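A.B. asks: Provided herewith is a single structure, encoded as structure tokens, for subsequent inquiry.
The values are calculated or read from the model by the stated rules, or taken from the named source; none is laboratory data. Given the structure is predicted, the values throughout are model-derived calculations rather than measurements. We place every Cβ from the backbone using ideal geometry, glycine too, and count neighbours over all the protein chains shown. We work out accessible area using only protein heavy atoms, side chains counted, and drop any ligands, DNA or RNA first. Shrake-Rupley method; radii C 1.70, N 1.55, O 1.52, S 1.80 Å.
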Amino acid sequence: MERALVTGGGGFLGGAIVDALLGRGANVASLSRGSYPALDAKGVQQTRADLGDGPDAIARALEDAGADTVFHCAALPGVYGPAAAYERANVAGTQNVLDACLRTGVKTLVFTSSPSVVFDGGDHRNAGPDLPYPARYLAHYPRTKAEAERAALRAHSRDLRVVSLRPHLIFGPGDPNLVPRLLDRADAGRLARVGSRDTEVSLTYVENAAEAHVVAAECLRSGGGPADALGGSAFFVNQTQPARLWDWIDRVLVGTGRAPLTKRVPPGVAYAAGALLEGAWRALRRTGEPPMTRFVAKQLSRSHTYSMEPFLRATGGRYAEAVGLDEATERTIAAFTVRA
């Protein structure tokens, strides 16, 4: 890759992808709604635009950057909010990126998806990418990300090679979501174990997620076997070693100077509370996320671990996990201990 554009390049994963590309000597541009001085300091060309406004501004940014590869990371996250906002950012925004890529002759697109697009409320253990999309979703984020993923994969062709990657629970130093939310809830006394202590999840260290994205793009651009194996398909990306969720959370809490969890809530109670709170938030027209939702209750009480083997095979051994789970956890604890 000589020239790449990252949507959401100022975000957590997007910024890590920018760094991985710069480390390979690529010219990198970013497109996002905000402006980031840290990207300016790295010499990254920035364009401010709302992806939901249409493909024109995206196409201009691609032309200005001379981009041959796009990493589409920008999305509206979260588990609660108006459907229209998620559809604009995640569905329409992705379609606009695809249209702009085809208009400007971009050859390679790596789409950042999420395992939540196939989460059906049950346990997933070492699952592969052949999991079907569920018939029903408990939140607009996974529903709209699934629509966007399907659109991206349908766009795969000779003109635009597309792969979808599904990193799960991204964390690391600088994490603005997962770890801060855990610590804030613990500090407020609002964090409790939901369900069994044996619940296992796959986590993804941010540097590994970024490397997987860049390797996937390199494989798509190289043609031949890896490109054929990746193109038009979706793959889970995470640590090869799963974590026992509540043990991992306790490790982070204790490592940052907090007490381990002692409170426990049965899964059914958490789900019922989520349903009641969602109803109350709608009735009162409150903004922001409720303290619990049905989707979060299911996510916290079910195992969801995913196999890296299909991605490793498809990339022909070009991807290797650089940072293992233990080291990644210790780096994260050290970063948040400094901030605490």
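A.B. asks: Please compute the contact order of the chain in relative form: average sequence separation of alpha-carbon pairs under 8 Å and at least six residues apart, divided by the residue count, as a percent.
C.D. replies: 19 percent
A.B. asks: Could I ask something else about it? Quick one: which residues, 5+ away or cross-chain, put their amide H under 5 Å from the amide H of Phe235? H built at 1.01 Å from N.
C.D. replies: Ser164, Leu165, Arg166
A.B. asks: Using a 7 Å offset from the Cα along the Cα-to-Cβ direction at both Arg154 and Thr337, what is the distance between the two label points in nm, to one decimal?
C.D. replies: Going from the Arg154 label point to the Thr337 one covers 5.0 nm.
A.B. asks: Percent of Cα-Cα pairs per 10 Å bin, from 0 to the last occupied bin, for the stretch 132-286, please list those.
C.D. replies: For the stretch 132-286, the pair-distance distribution reads 9, 26, 33, 21, 10, 1.
A.B. asks: For the chain, take the longest principal axis of its alpha carbons; what is the angle in degrees between that and the long axis of helix 206-222, to the nearest 10 within 0 to 90?
C.D. replies: Orientation of helix 206-222: about 30 degrees from the principal axis.
A.B. asks: Kirkwood hydrodynamic radius for the stretch 1-72: how many Å is it when counted over pairs of different Cα atoms?
C.D. replies: 11.7 Å
A.B. asks: What is the gain in length, in nm to one decimal, between Val269 and Ala192 on full extension, counting 0.36 nm per residue of separation less the C-alpha to C-alpha distance?
C.D. replies: Gain in length upon complete extension: 26.5 nm.
A.B. asks: Return the calculated 222 nm mean residue ellipticity for the chain, to the nearest 500 deg cm²/dmol, obtained by summing -39500 (n - 2.57) across DSSP H runs with n ≥ 4 and dividing by the residue count.
C.D. replies: The helix-only estimate for the chain comes to -13500 deg cm²/dmol at 222 nm.
A.B. asks: Roughly what would the spin-label model give for Ala280 and Ala41, points 7 Å off Cα along C-beta, in nm?
C.D. replies: Here the modelled spin labels are 4.3 nm apart.
A.B. asks: Could you pull out every one of the lysines with an alpha carbon less than 19 Å from that of Lys107, ignoring same-chain neighbours closer than 8 positions?
C.D. replies: none
A.B. asks: For the chain, take the longest principal axis of its alpha carbons; what is the angle in degrees between that and the long axis of helix 140-154, to the nearest 10 within 0 to 90?
C.D. replies: 30 degrees
A.B. asks: Treating each Cα of the stretch 73-165 as an identical point scatterer and ignoring solvent, apply the Debye formula and state log10 I(q)/I(0) at q = 0.16, 0.20 Å⁻¹.
C.D. replies: For the stretch 73-165 at q = 0.16, 0.20 Å⁻¹, log10 I(q)/I(0) is -0.66, -0.96.
A.B. asks: Here's another thing I want to ask about it. Where does the stretch 1-130 land on Rg(C-alpha)/(2.2 N^0.38 Å)?
C.D. replies: 1.10
A.B. asks: Also, quick follow-up: For the stretch 37-89, would you read off the P(r) tail past 17 Å as a percentage of all alpha carbon pairs?
C.D. replies: Summing the P(r) of the stretch 37-89 above 17 Å gives 50 percent of all pairs.
A.B. asks: Can you check how the C-alpha radius of gyration of the stretch 209-281 compares to 2.2 N^0.38 Å, as a plain ratio?
C.D. replies: 1.83
A.B. asks: Which Cα, out of Leu22, Met292, Leu203, lies furthest along the positive dipole direction of the chain (beta carbon charges, K/R +1, D/E -1)?
C.D. replies: Met292
A.B. asks: Taking only the Cα atoms of the chain, how large is their convex hull per residue, in Å³? Intermediate results must be reported in sequence, preceding the final value.
C.D. replies: Values: hull volume 43.3 nm³, N = 340.
So the per-residue Cα hull volume is 127 Å³.
A.B. asks: How long, wide and thick is the stretch 123-224, going by the Cα atoms along their three principal axes, in whole angstroms, largest first?
C.D. replies: That gives 54, 35, 24 Å along the principal axes, largest extent first.
A.B. asks: Which value does Rg/Rh take for the stretch 290-340 over its C-alpha atoms, Rh per Kirkwood?
C.D. replies: 1.14
A.B. asks: Based on the alpha carbon coordinates of the stretch 168-209, what radius of gyration and maximum Cα-Cα distance (Dmax) apply, in Å?
C.D. replies: 12.0, 32
A.B. asks: Mind checking which lysines have their Cα closer than 22 Å to the Cα of Lys298? Skip sequence neighbours fewer than 8 apart in that chain.
C.D. replies: Filter leaves Lys145, Lys263.
A.B. asks: Follow-up question, since we're still on this one. Starting from the Cα gyration tensor of the stretch 225-323, take the square roots of the eigenvalues, sort them a ≥ b ≥ c, and report rounded, prolate or oblate (rounded when a/c is under 1.5, otherwise prolate if a/b is larger than b/c, else oblate). Kindly include the intermediate steps, with their values, before the conclusion.
C.D. replies: On the way: a/c = 2.99, a/b = 1.65, b/c = 1.81.
Since a/c reaches 1.5 but b/c is at least a/b, the shape of the stretch 225-323 is classed as oblate.
A.B. asks: So with the 1.4 Å probe, I'd like the accessible area per residue for the chain, rounded to whole Å².
C.D. replies: Per-residue value: 43 Å².
A.B. asks: Pairing the Cα long axis of helix 55-65 with the longest principal axis of the chain, what angle in degrees results, from 0 to 90 and rounded to the nearest 10?
C.D. replies: That works out to roughly 70 degrees.
A.B. asks: In the Gaussian network model of the chain, springs joining C-alpha atoms below 10 Å, which of Ala61, Ala272, Ala38 carries the largest mean-square fluctuation?
C.D. replies: Ranking Ala61, Ala272, Ala38 by mean-square fluctuation puts Ala38 first.
A.B. asks: If I build a Gaussian network model for the chain, linking alpha-carbon pairs within less than 10 angstrom, which residue out of Ala75, Ala259, Ala16 has the largest mean-square fluctuation?
C.D. replies: Residue with maximal mean-square fluctuation among Ala75, Ala259, Ala16: Ala259.
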